[in-house]
1. Tell me which residues, restricted to the stretch 76-118, are among the polar types (S, T, N, Q) and surrounded by 16 or more Cβ atoms within 10 Å (Cβ to Cβ).
2. Given R21, R73, which one is loosely packed, with under 15 Cβ neighbours inside 10 Å and under 29 Å from L129 (Cβ atoms)?
3. Exactly one of these conditions fails for N124: (1) more than 22 Å from P78 (Cβ to Cβ); (2) in contact with a helix residue (DSSP H, G or I) (Cβ under 9 Å, 6 or more places away or on another chain). Give me its number.
4. Could you give every pair whose Cβ atoms fall below 7 Å, whose first residue belongs to the stretch 15-28 and is modelled with pLDDT of 85 or more, and whose second residue is exposed (fewer than 10 other Cβ atoms within 10 Å of the Cβ), counting only separations of at least 6 or pairs across chains?
5. Within the stretch 53-75, track down each residue that is assigned to a loop (DSSP other than H, G, I, E, B), touching a residue at least 40 places away in the same chain (Cβ under 8 Å) and touching a Lys or Arg at 6+ places or on another chain (Cβ under 9 Å).
6. Just the residues that are over 20 Å from L39 (Cβ atoms) and not β-branched (V, I, T), please, taken from the stretch 51-85.
7. Within the stretch 90-107, track down each residue that is without any contact (Cβ under 8 Å) to a residue 60 or more places away in the chain and out of contact with any Phe, Trp or Tyr (no Cβ under 9 Å at 6 or more places or on another chain).
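The values are calculated or read from the model by the stated rules, or taken from the named source; none is laboratory data. None of these values were measured; they are calculated from a predicted model. For neighbour counting, all protein chains shown are included, and Cβ atoms are generated from backbone atoms with ideal geometry for every residue, glycine included.
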Amino acid sequence: MKFLKSLLPYLIIILIVILVRTYIVTPVRVNGTSMVPTLKGGEVMLLNKLGKVDRFDIVVVKLPQEDETIIKRVIALPGESIEISNHKIYVNDAELEDKYGYGVTYNIDKITLKDDEYFVLGDNRAISLDSRAFGPVKKTAIKGTTNFIMYPFKSFGKVKYSNTTDSN
């Protein structure tokens, strides 16, 4: 009985770690170059599973037909209309000031999002596989938001926006 009593604090710690990782925050790895110049492949970030999703948030999305997740930026929110014309983004017929996009943003016809849909784009617009290709994402497909880099340590901290692909 004394042995079990001595193990109890460790079991509680393990349980808390599992609960926090499952329901609150967990690490995610950036794969590929679709979020360059903001994020680079191999970076490890903290995914916040709580809270609401706002325009320009970086989110982790699980696509229905895929086993892996992707990291993209929210451009349009539920109920809004979005159109990309002449490489400019229009949300609810107003041009969106988009300081995050790099490269050509290919055109799409105007669509209106349902009450549980978001429109996401990668920051590296010329190569990103995003809502222009697979359509809006459901709220349930968004696993959380991320804006904190844990690794590599030279990038440790809140995500910094850069409008250049220079890696210095």
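1. Initial filter on the stretch 76-118 (among the polar types (S, T, N, Q)): 81, 85-86, 92, 105, 107, 112.
T105, the sole residue that qualifies.
2. Values: R73 fails: loosely packed, with under 15 Cβ neighbours inside 10 Å.
Criteria check complete, one pass: R21.
3. The single condition N124 does not satisfy is (2).
4. Matching pairs, first to second residue: I24/L50.
5. Correct list: V53, F56, D57, P64.
6. Step one: of the stretch 51-85, the residues over 20 Å from L39 (Cβ atoms) are 52, 64-65, 67, 76-85.
Selection gives K52, P64, Q65, D67, A76, L77, P78, G79, E80, S81, E83, S85.
7. So in the stretch 90-107, the residues without any contact (Cβ under 8 Å) to a residue 60 or more places away in the chain come out as 90-98, 101, 103-107.
Y90, N92, D93, A94, E95, E97, G101, G103, V104, T105, Y106, N107, listed by residue number.
Here is a yes/no grid of residues against (1) at pLDDT 95 or above; (2) closer than 18 Å to L50 by Cβ:
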{"position": "N124", "(1), (2)": "yes, no"}
{"position": "L129", "(1), (2)": "no, no"}
{"position": "A133", "(1), (2)": "no, no"}
{"position": "V137", "(1), (2)": "yes, no"}
{"position": "I142", "(1), (2)": "yes, yes"}
